[in-house]
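Visitor: My questions all concern the structure below.
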Amino acid sequence: MYRRDGNMKALRFLATAVVGVALVPLGAGAASATPPDNDDPGAPVVMNLGDRVEQDTSEATTSTGDDALNVNCGAPATKASVWYTYSPGTSRKVLMDTSDSDYSAGVMVFEGTPTADSLLTCGPGAAGWSARAGTTYYVMAFSDTDVNGGHLVLTLHAVPTPHAHVTVATRGVAFHGGAARLHGTYSCNHEASPSIVDPHLVQRAGRLKIQADSSTGIRCDGTRHHWSVRLVSPVGTYARGPAVARVDIVVCGLLECHLDKAKRHVHLAWAPSSQGQRIVHRATPPADRPQPILSRHRHWPSS
């Protein structure tokens, strides 16, 4: 009896094993890759201001549709693309940033339904734009190299507006060598960069209008600073007496620049250290006007 029961248990074990084998698909190996839910624009992840999203995009795919959307962007690759949306309740300037990802990632932003014509902006590492209240923006994050995704880190945050203020002093100096010097103060917020102070000085000598421009780079840290610039006119020499000074300050942030101006009548006095001397001062050409940071780095180097 005991022997027969043992045989019955063995038969039951064998039958269970056979059924277990039958449930395993023939030729089964490693599990097949599954793209993320937001692999296409039909199922995007909704983002809000201040969000930080982390996602494994190593199984995300690309398609000819991604290539078509890239026509007006010019990214070198659009691998492992994933999708997000943002619909602001208040109009504001925002930035989508992928720079904390462990692979080189680009961003495309579309106003409304993603098409080549609805592309609003794009760029490597980040893209910023002026988002309008009530508008839905589609964002595609993707690998811009042959690497098929990885650990994507995508952040959405507001972009501060640059601010600046500049003044020019009522008195300047004239050197016997022909140059003049103006000075004043400025302040600008610390988020802005790069920035310049750009003075212009005009003095009349009979019918001759003596004028010059110059510029100097400045640092923006939210506090008040002093600026001083030497100017040399290509058409004559400055002398003691009245003149008109105009100074601009241009401060640029990520998406836009801010301009502030000051204009006033000034009096040039002889510089004491230059009395009886002739000093030759060479003019320094004005610097190029700054541009918003993202506009200067908006496209990939190869595009």
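Every number in this text was worked out from the coordinates using simple rules, so none of it is lab data. Computed from a predicted structure; not experimentally measured. Here the Cβ positions follow ideal geometry from the backbone for every residue, glycine too, while neighbour counts run over all protein chains shown.
Visitor: How big is the charge dipole of segment 194-240 about its Cα centre, in debye rounded to the nearest 20, if each Lys and Arg gets +1 on its Cβ and each Asp and Glu gets -1 on its Cβ?
Guide: Charge dipole of segment 194-240: 300 debye, to the nearest 20.
Visitor: Among 129, 58, 151, flag the residue with its Cα farthest along the positive direction of the charge dipole of segment 45-158, charges on Cβ as +1 for Lys/Arg and -1 for Asp/Glu.
Guide: So the residue furthest toward the plus end is 129.
Visitor: Segment 196-257 to segment 66-93: how many Å between their Cα centroids?
Guide: If you average the Cα positions of each part, the centres end up 42 Å apart.
Visitor: Using the Karplus curve 6.51 cos²θ - 1.76 cosθ + 1.60 with θ = phi - 60°, work out ³J(HN,Hα) for each residue of segment 199-206 in order, rounded to whole Hz, and write x for Gly and Pro.
Guide: Result, ordered by residue: x, 9, 10, 10, 9, 9, 10, x Hz.
Visitor: How big is the dipole moment of segment 45-158 about its Cα centre under a simple scheme where the beta carbon of each Lys and Arg is +1, that of each Asp and Glu is -1, and everything else is neutral? Debye, nearest 20, please. Don't jump to the answer; show the numbers that get you there.
Guide: Working: 5 positive and 13 negative charges, 105 e Å.
With only Lys, Arg, Asp and Glu charged at Cβ, the dipole is about 500 debye.
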